[in-house]
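Below is one structure, written out as structure tokens, with a few remarks after it.
The values are calculated or read from the model by the stated rules, or taken from the named source; none is laboratory data. Owing to the predicted nature of the structure, the values given are computational and were not obtained by experimental measurement. Glycine also receives a Cβ, built like all others from the backbone with ideal geometry; neighbour counts cover every protein chain displayed. For the accessible areas, the whole protein counts, side chains as well, though only heavy atoms, and no ligand, DNA or RNA atoms are used. Shrake-Rupley method; radii C 1.70, N 1.55, O 1.52, S 1.80 Å.
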Amino acid sequence: MTDDASGAKPNLAATSFALLGMLSYEYELSGYDIRKWIDWSMRFYYGSPAYSQIYTELKKLEKLGLVTSRSDDTGARNRRLYKITEAGLDAVTRWANEAPVDPPNLKHAPLLRVTLGHLTTPERLKEVLQEHVAYADEMHRNAAKDARWAGADPSWAYARVALQWAERYYANERELALKMIKELDEAQASFPKAGEGGRTKVPWPAPEYWYEIEKKAEADD
């Protein structure tokens, strides 16, 4: 769906609007420029699309009339520069002000491993969580560095606020992972073993019991 005279909103993914948002400043940008900006900022809290996805989205935006592009051969290599159109600026401004904000979509792989911890060992889970602590440490350091350097120019003030949030987020993520490592010993001690109560498989409550607990929880509300 295109943005026409009737004011219809373009049917775009959030990634496309993120690209439009980066092009809403005064300078033309290449796909490489956009990817670098994502690596400096949005990768900490919204992921980092591949170059192929960035260029695919830019072509889509150009086809919709939301950006224009031109070939630039003034440097060492030829590159394509993108510039937002008035229609594109209007679309991303309306999106920023009017579109519903989706809740964060958390996909926490280490936490999923802990949830299914009965399939492995506490020792392996601790290895997974220690790796996650190292990852959180690295992300915290990088976010802190980028937040600090975002203070170099006033036009990065809003991006700096987001980076400071990312800095605090990964510090908390590290502490939560360390806390889980300590809690694994307690989980191991309390988890029923196969064979207890005549069971031959991994112990797990029957579905009828789930629903009984659900009713009690609802009543507790």
Inset, instruction - Answer yes if at least one residue in the range 160-170 is open to solvent by 90 Å² or more (accessible area, probe 1.4 Å), free of Cβ contacts under 8 Å to residues at least 24 places away in the same chain and closer than 26 Å to Glu131 by Cβ, and no otherwise. - result: yes
Legend entry - Evaluation of Thr2 against (1) open to solvent by less than 80 Å² (accessible area, probe 1.4 Å); (2) under 25 Å from Val101 (Cα atoms); (3) at pLDDT 90 or above (one fails), failing number: (3)
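State whether the residues of the range 183-201 include one that is polar (S, T, N, Q), assigned to a helix (DSSP H, G or I) and either within 25 Å of the chain's Cα centre (by Cα) or at pLDDT 95 or above (or both).
The first filter runs over the range 183-201 and keeps only residues polar (S, T, N, Q), leaving 188, 190, 200.
Remaining after also requiring assigned to a helix (DSSP H, G or I): 188, 190.
Going one step further and asking which of them are either within 25 Å of the chain's Cα centre (by Cα) or at pLDDT 95 or above (or both), we end up with none.
So far as the range 183-201 goes, no, none of its residues is polar (S, T, N, Q), assigned to a helix (DSSP H, G or I) and either within 25 Å of the chain's Cα centre (by Cα) or at pLDDT 95 or above (or both).
For (1) open to solvent by 30 Å² or more (accessible area, probe 1.4 Å); (2) touching a strand residue (DSSP E or B) at 6+ places or on another chain (Cβ under 7 Å); (3) outside the structural domain of Arg141 (by the TED database); (4) among the aliphatic types (A, V, I, L, M), each residue gets a yes or a no:
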| site | (1), (2), (3), (4) |
| --- | --- |
| Ala18 | no, no, yes, yes |
| Leu29 | yes, yes, yes, yes |
| Ile34 | no, no, yes, yes |
| Ser41 | no, no, yes, no |
| Lys63 | yes, no, yes, no |
| Ala76 | yes, no, yes, yes |
| Lys83 | yes, yes, yes, no |
| Gly88 | no, yes, yes, no |
Legend entry - Residue within the range 105-124 that is in a strand (DSSP E or B), open to solvent by 70 Å² or more (accessible area, probe 1.4 Å) and of a type outside the set (Gly, Ala, Ser) present: no
Inset, instruction - Scan the range 47-61 for residues that are buried (at least 16 other Cβ atoms within 10 Å of the Cβ) and either under 12 Å from the mean Cα position of the chain (by Cα) or in the same structural domain as Gln164 (by the TED database) (or both) and report the count. - result: 1
Legend entry - Residue list for the range 98-156, filter: touching a residue at least 40 places away in the same chain (Cβ under 8 Å) and polar (S, T, N, Q): Gln130, Asn142, Ser155
